[in-house]
1. Give me a count of the residues in region 142-172 that are without any contact (Cβ under 8 Å) to a residue 40 or more places away in the chain, of a type in the set (A, V, I, L, M, F, W, C) and surrounded by 24 or more Cβ atoms within 10 Å (Cβ to Cβ).
2. Kindly indicate the residue of region 195-220 that is at pLDDT below 95, buried (at least 16 other Cβ atoms within 10 Å of the Cβ) and not polar (S, T, N, Q) and also nearest to Arg175 (Cα to Cα) among those meeting that condition.
3. Go through (1) surrounded by fewer than 24 Cβ atoms within 10 Å (Cβ to Cβ); (2) within 19 Å of Asn68 (Cβ to Cβ); (3) without any contact (Cβ under 8 Å) to a residue 40 or more places away in the chain for Phe134 and report which single condition fails.
4. With respect to Asp265, determine if the residue is among the charged types (D, E, K, R) and in the same structural domain as Thr192 (by TED's automatic domain parsing).
5. Filter region 111-131 down to the residues that are crowded, with 16+ Cβ neighbours inside 10 Å and not hydroxyl-bearing (Ser, Thr, Tyr) and list them by number.
6. Run down Arg59, Arg92 and say which single residue is modelled with pLDDT of 85 or more and more than 15 Å from Val144 (Cα to Cα).
Amino acid sequence: MVTTLKDVAERAGVSRSAVSRTFTDGASVSAKMRQRVEKAAKELGYSPNALASSLTTGRTKLIGLVSNNFHNPIFLEVFDLFTRGLQDRGLRPLLVNLTDETDPANSVKMMRQYSADGVIVASSTLPPGFAKAFRDAGIPVVRVFGRPTRAPMAHVVGIDNVEAGRMAAHTLVERGYERVGFMGGPADATSTQDRMEGFLAEIAKHPGVTATTSLADAYSFDAGRQEMLRLLKEPTAEAYFCGDDVLSIGALSAIQDHGLSVPDDIGIIGLNDMSMAGWANINLTTIRQPIQQIVASSIELVSGTLDDPDRYPEHRIFACKIIERGTLRPIKSPVSDTTII
């Protein structure tokens, strides 16, 4: 039989309200009373009912983790970090799949039905209106991988995607590539727009270098492969910045199936540094997005906003770094053809 709060109260010789207060965060209870109740609960194997507790406190501790790109393996890492991090803080993640969802009102309705205390929108492809809809509904929200704005509507945590595009372009130029390409994700994704902007701005500083642009339908292996197969029907660039690791891996597959070699025939640089990028059969040169720090900061912000709903929205932008592997040719000295080791 399930042990109840009444059973614990009888074993401890206290009232049921005393047991309830003992297991309610912030409730007033003496150290002696807490010791008696916890001892009785341990002896009986009692665990507080989270749903019943929420009726008393008005807080469910549910945090909606909202995303729409379940085809990208990087989000397996993201969800793992988020769920463990939230649980470590005593919060309960509620994973919501918004693939093909276009109306933020439906998401707000769902979060209200579950009485979620807060929401984390983890996506670079959902429009900014999703975070705004939660904020307007009075639900604390943090936007992860979103685009910062001058007048923030919600907390935003991520990277400077314009700068990431510049980094990729600079990396290709310093290796002597003169014909380069940007292969991005969906056209309406702010991450695609910003990475392309930074890439082209950096290339424009180098008169001897030309750039082409193309876009895949999604941040997915299949989309990256199909777009590279299309590009291979035409004269190709010497190297491509694929605006995401999974696009890069799809592109690598297409290049290899075409009988070409990376990096000897075509160079590739990605973005994210997901775990697959370091596998020996992939060995992708990429730009590392500091996922662990981004997730930890997002959890801290949503937790803090639960305690202070009027907290002013913050932008937290983390620096990226180049991870050298094997899909670009080595850097050459600017004064000779000597390869820099």
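1. Count: 0.
2. By that ranking, first place goes to Tyr219.
3. Only one criterion in (1) surrounded by fewer than 24 Cβ atoms within 10 Å (Cβ to Cβ); (2) within 19 Å of Asn68 (Cβ to Cβ); (3) without any contact (Cβ under 8 Å) to a residue 40 or more places away in the chain is unmet by Phe134, namely (1).
4. Details: among the charged types (D, E, K, R): yes; in the same structural domain as Thr192 (by TED's automatic domain parsing): yes.
When the stated conditions are applied, Asp265 passes them.
5. If we filter region 111-131 for residues that are crowded, with 16+ Cβ neighbours inside 10 Å, which is where we start, we get 111, 116-126, 128, 130-131.
Residues satisfying the conditions are Met111, Ala116, Asp117, Gly118, Val119, Ile120, Val121, Ala122, Leu126, Pro128, Phe130, Ala131.
6. Details: Arg59 fails: modelled with pLDDT of 85 or more.
Exactly one residue qualifies, and that residue is Arg92.
The rows are residues; the columns are (1) assigned by TED's automatic domain parsing to the domain that holds Ser67; (2) assigned to a helix (DSSP H, G or I); (3) closer than 19 Å to Ala189 by Cβ.
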{"site": "Ala105", "(1), (2), (3)": "yes, yes, no"}
{"site": "Met110", "(1), (2), (3)": "yes, yes, no"}
{"site": "Ser115", "(1), (2), (3)": "yes, no, no"}
{"site": "Ile120", "(1), (2), (3)": "yes, no, yes"}
{"site": "Leu126", "(1), (2), (3)": "yes, no, yes"}
{"site": "Phe130", "(1), (2), (3)": "yes, yes, yes"}
{"site": "Arg135", "(1), (2), (3)": "yes, yes, no"}
{"site": "Gly138", "(1), (2), (3)": "yes, no, no"}
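The values are calculated or read from the model by the stated rules, or taken from the named source; none is laboratory data. The structure displayed is predicted, hence computed values, not measured ones. Please note: Cβ atoms are built from the backbone with ideal geometry, for glycine as well, and neighbour counts cover all protein chains shown.
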